[in-house]
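Peer 1: Here's a structure for you.
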Amino acid sequence: MTVLYAVLHLAPGTVQTERAGHERPLLWHSGMGAEVMPSALGHPLGLLSDPAIDTQRILLAPGESLLLFTDDVTEATNAAGEFFGGERLRAVVATPDGGSAQALCDHTVMALEAFRGAAPQADDITLLALRAR
């Protein structure tokens, strides 16, 4: 099982994540686009007796957003069997400038649905966005 656990600390504006094999969140910088959050080794739970857990702490500057998502976002396929993929997701996340966290999720879901077309949704799609003020 993959897991991503995040704690938001409002006063300093930091997010701490504990990741066990899950997709790495995307960090969106105003004017600079989206990048995959840094990482270390993080094993899925249940495979090893002492799995490595990737712990990260980032400071969200005003206007920056963080997007957490499940793997069916990147693993969604279209009618031709192509994956949506991480590169396409980064491009989609980099597009909206100055929108709310909800707008980022809505924009991502619309892009995903347009890509998928008539192909069936194979798994859950979960998005959680944070936007610093």
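Peer 1: Please find, among 94, 114, 122, 129, the residue that is in contact (Cβ under 8 Å) with a residue 40 or more places away in the chain and either over 22 Å from residue 22 (Cα atoms) or more than 15 Å from the chain's Cα centre (by Cα) (or both).
Peer 2: 122
Peer 1: So, in segment 97-110, of the ones that are at pLDDT 90 or above and polar (S, T, N, Q), which residue ends up most open to solvent (accessible area, probe 1.4 Å)?
Peer 2: By that ranking, first place goes to 102.
Peer 1: The conditions are (1) assigned to a strand (DSSP E or B); (2) modelled with pLDDT of 90 or more; (3) in contact with a Lys or Arg (Cβ under 8 Å, 6 or more places away or on another chain); (4) open to solvent by 20 Å² or more (accessible area, probe 1.4 Å), and residue 15 fails exactly one of them. Which is it?
Peer 2: Failed condition: (4).
Peer 1: Continuing with this model, one more query. Being under 21 Å from residue 4 (Cβ atoms) and in contact with a Phe, Trp or Tyr (Cβ under 8 Å, 6 or more places away or on another chain) is true for just one of 130, 59, 66. Which residue is that?
Peer 2: Among 130, 59, 66, only 66 is under 21 Å from residue 4 (Cβ atoms) and in contact with a Phe, Trp or Tyr (Cβ under 8 Å, 6 or more places away or on another chain).
Peer 1: Check 30, 65 and return the single one that is in contact with a strand residue (DSSP E or B) (Cβ under 7 Å, 6 or more places away or on another chain) and of a type outside the set (A, V, I, L, M, F, W, C).
Peer 2: Exactly one residue qualifies, and that residue is 65.
Peer 1: Can you pull out every residue in segment 77-96 that is assigned to a helix (DSSP H, G or I), over 24 Å from residue 118 (Cβ atoms) and open to solvent by 20 Å² or more (accessible area, probe 1.4 Å)?
Peer 2: 90, 94
Peer 1: Looking at residue 63, is it in contact (Cβ under 8 Å) with a residue 60 or more places away in the chain and of a type outside the set (Phe, Trp, Tyr)?
Peer 2: The answer is yes for residue 63.
Peer 1: Of all residues in segment 21-31, how many are on the phi < 0 side of the Ramachandran plot and either at pLDDT 95 or above or open to solvent by 50 Å² or more (accessible area, probe 1.4 Å) (or both)?
Peer 2: 3
Peer 1: May I pose another question? Consider segment 32-76. How many of its residues are touching a helix residue (DSSP H, G or I) at 6+ places or on another chain (Cβ under 7 Å) and surrounded by 16 or more Cβ atoms within 10 Å (Cβ to Cβ)?
Peer 2: Going through segment 32-76 one residue at a time, the tally reaches 6.
Peer 1: Let me ask something else about it. Within 27 Å of residue 1 (Cα to Cα), part of a helix (DSSP H, G or I), at pLDDT below 90 and among the hydrophobic types (A, V, I, L, M, F, W, C), is that true of residue 73?
Peer 2: no
The values are calculated or read from the model by the stated rules, or taken from the named source; none is laboratory data. In this text, all values refer to a predicted model and were calculated from it rather than measured experimentally. We place every Cβ from the backbone using ideal geometry, glycine too, and count neighbours over all the protein chains shown. The accessibility values were calculated without ligands, DNA or RNA, using every heavy atom of the protein model including side chains. Shrake-Rupley method; radii C 1.70, N 1.55, O 1.52, S 1.80 Å.
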